[in-house]
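Trainee: Below you'll find the structure I mean.
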Amino acid sequence: MTTRTTLRTPADLASAGVIGPDQVVALEAVARRYAIAVTPAMSKLIRRPDDAIARQFVPDVRELATTPDERTDPIGDAAHSPVEGIVHRYPDRALIKMVHACPVYCRFCFRREMVGPGGAALTGAALERAMAYLQDQTGIWEVIVTGGDPFMLTARRVEALMRRLGEMAHIRVVRWHTRVPIVDPARVSPALVRALRIGGKAVYVGLHANHPEEFTPEAETAIAMLADAGIALVSQSVLLKGVNNDAVTLAALMRRFVENRVQPYYLHHPDLAPGTSHFRVTLDEGQALMTALRGHLSGLAQPTYVLDIPGGHGKVPVGPSFLATASDGAVHVTDRKGVAHLYPPKDSTTP
Ligand SMILES: *Cc1c(COP(=O)(O)O)cnc(C)c1O
Ligand code: SF4
């Protein structure tokens, strides 16, 4: 469906043909709870109401059903927020949430209770308090700029932030987490790319994409602008039922990242965000998919499968493990075909 503006209401979605007119009333109830935005770059990829792109961005009445294990703060950010806008969970790195807005509103978002067009950006006195915190905490080696989507900031505000961080000698790395290059590639302007380079830090961009079709020619151009400017790119994806939970799709996604000079980094197990149970897969399924990737793909194309432990306990890799220790202490290593091998081998003459 071709549209020229971002679709923000069920009525917009119906007039673009993304949903049927009969769905508008039911989806108004979802819209009152969670923000909607589908950019032209994404709406033009939607072919069917349940395809991998539609499922990520088009609201669904199932979002109104919250299961008992879901929580409004699924990864426990609040427990680690010393000042407004900062989440400091690990000693060597801290998040700064600069904006609440995003170019699109993903239906599975783990911060869905926090993001939206209404939320205020971190400015004025609150921004000063956040900067003072980062300045003070000399153990912080890396600042991760997030939101919302921090590429919603103007180039001028990006430049101002990079200048401030540039003055903090203990901060060596600045990492920006964004979906913009994929979902709204025109926002990646030469001015934005220049602004990111100010301050002399090592700059990383964590690029969020979940399906190989998201890599449109325009998105690839935006990614190349960042890579050509010497910005290192790493990937992040969420494992989502009906979007990418099959080995062929995941493999194609990881290859698209690598082809675009984006190093696969994290494949996130879906968080327990409210109203997202229709996206959830099991850890067993995730591990089986990771085993399939290990068996077929270049080492460059292997992400780490991670779970953010509910309650603020942080992210950990969740396998699969290729090592098993038996009760007698014997260690077996499983190869990519699933065959277990004793390590070290008992008979060194056996090939
Ligand atoms: C995810 C996250 C990070 C980044 O973790 P990495 O494993 O370094 O990618 C940092 N701080 C918080 C609070 C996070 O949630
Ligand atoms: S872009 Fe990120 S923060 Fe924004 S809605 Fe999507 S997942 Fe959430």
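Trainee: I'd like to check something: does the stretch 123-137 contain any residue that is farther than 27 Å from ARG55 by Cβ, surrounded by 15 or more Cβ atoms within 10 Å (Cβ to Cβ) and either near ligand 1 (Cβ under 10 Å from one of its atoms) or of a type in the set (Asp, Glu) (or both)?
Mentor: Scanning the stretch 123-137 turns up no residue that is farther than 27 Å from ARG55 by Cβ, surrounded by 15 or more Cβ atoms within 10 Å (Cβ to Cβ) and either near ligand 1 (Cβ under 10 Å from one of its atoms) or of a type in the set (Asp, Glu) (or both).
Trainee: Still on this structure, I have one more. PHE108 passes all but one of (1) crowded, with 18+ Cβ neighbours inside 10 Å; (2) touching a residue at least 24 places away in the same chain (Cβ under 8 Å); (3) closer than 30 Å to MET131 by Cα; which number fails?
Mentor: With respect to (1) crowded, with 18+ Cβ neighbours inside 10 Å; (2) touching a residue at least 24 places away in the same chain (Cβ under 8 Å); (3) closer than 30 Å to MET131 by Cα, PHE108 is out only on (3).
Trainee: Still on this structure, please answer the following. I'd like to check something: does the stretch 83-97 contain any residue that is in the same structural domain as ALA186 (by TED's automatic domain parsing), open to solvent by 60 Å² or more (accessible area, probe 1.4 Å) and away from ligand 1 (no atom under 11 Å from the Cβ)?
Mentor: yes
Trainee: So, one more: Restricting to the stretch 193-223, what's the tally of residues that are away from ligand 1 (no atom under 16 Å from the Cβ), open to solvent by 30 Å² or more (accessible area, probe 1.4 Å) and of a type in the set (A, V, I, L, M)?
Mentor: Counting residues in the stretch 193-223 that are away from ligand 1 (no atom under 16 Å from the Cβ), open to solvent by 30 Å² or more (accessible area, probe 1.4 Å) and of a type in the set (A, V, I, L, M) gives 1.
Trainee: Among residues belonging to the stretch 56-82 that are free of Cβ contacts under 8 Å to residues at least 60 places away in the same chain and of a type outside the set (Gly, Ala, Ser), point out the one that is surrounded by the fewest Cβ atoms within 10 Å (Cβ to Cβ).
Mentor: Of everything passing the filter in the stretch 56-82, PRO68 is surrounded by the fewest Cβ atoms within 10 Å (Cβ to Cβ).
Trainee: Moving on to the next point. Among (1) out of contact with any strand residue (DSSP E or B) (no Cβ under 9 Å at 6 or more places or on another chain); (2) of a type outside the set (D, E, K, R); (3) open to solvent by 20 Å² or more (accessible area, probe 1.4 Å); (4) in contact (Cβ under 8 Å) with a residue 12 or more places away in the chain, which single condition is GLY275 missing?
Mentor: (3)
Trainee: Identify all residues within the stretch 299-348 that are away from ligand 1 (no atom under 16 Å from the Cβ), in a strand (DSSP E or B) and not β-branched (Val, Ile, Thr); write none if there are none.
Mentor: LEU323, ALA324, HIS332, ALA340, HIS341, LEU342, TYR343
Trainee: Determine whether the stretch 12-25 contains at least one residue that is farther than 23 Å from VAL180 by Cα, among the acidic types (Asp, Glu), loosely packed, with under 15 Cβ neighbours inside 10 Å and not assigned by TED's automatic domain parsing to the domain that holds PRO185.
Mentor: Checked the stretch 12-25: at least one residue is farther than 23 Å from VAL180 by Cα, among the acidic types (Asp, Glu), loosely packed, with under 15 Cβ neighbours inside 10 Å and not assigned by TED's automatic domain parsing to the domain that holds PRO185.
Trainee: Read through the list (1) in contact with a His (Cβ under 8 Å, 6 or more places away or on another chain); (2) loosely packed, with under 15 Cβ neighbours inside 10 Å; (3) closer than 17 Å to LEU207 by Cα; (4) of a type in the set (A, V, I, L, M), then give the number of the only condition that LEU239 fails.
Mentor: (2)
Trainee: Of all residues in the stretch 253-279, which are among the charged types (D, E, K, R) and in contact with a Leu (Cβ under 8 Å, 6 or more places away or on another chain)? Lay out the reasoning, then the answer.
Mentor: If we filter the stretch 253-279 for residues that are among the charged types (D, E, K, R), which is where we start, we get 255-256, 259, 261, 271.
Once the filter is applied, which keeps residues that are among the charged types (D, E, K, R) and in contact with a Leu (Cβ under 8 Å, 6 or more places away or on another chain), the stretch 253-279 yields ARG255, ARG261.
Trainee: Would you mind stating whether LEU95 is touching a Ser or Thr at 6+ places or on another chain (Cβ under 8 Å) and at negative phi?
Mentor: yes
Trainee: Within the stretch 138-157, take every residue that is within 21 Å of GLY200 (Cβ to Cβ) and under 20 Å from the mean Cα position of the chain (by Cα) and give me the one that is surrounded by the fewest Cβ atoms within 10 Å (Cβ to Cβ).
Mentor: GLU142
Trainee: While we're here: So MET42 clears everything in (1) touching a His at 6+ places or on another chain (Cβ under 7 Å); (2) open to solvent by less than 10 Å² (accessible area, probe 1.4 Å) except one condition, right? Which one?
Mentor: Only one criterion in (1) touching a His at 6+ places or on another chain (Cβ under 7 Å); (2) open to solvent by less than 10 Å² (accessible area, probe 1.4 Å) is unmet by MET42, namely (1).
The values are calculated or read from the model by the stated rules, or taken from the named source; none is laboratory data. Bear in mind the structure is a predicted one, so any value in this text is a computation, not a measurement. In this analysis, Cβ positions are derived from the backbone assuming ideal geometry, glycine residues included, and neighbour counts consider all displayed protein chains. When the accessible area is computed, the model is the full protein with side chains, heavy atoms only, and any ligands, DNA or RNA have been set aside. Shrake-Rupley method; radii C 1.70, N 1.55, O 1.52, S 1.80 Å.
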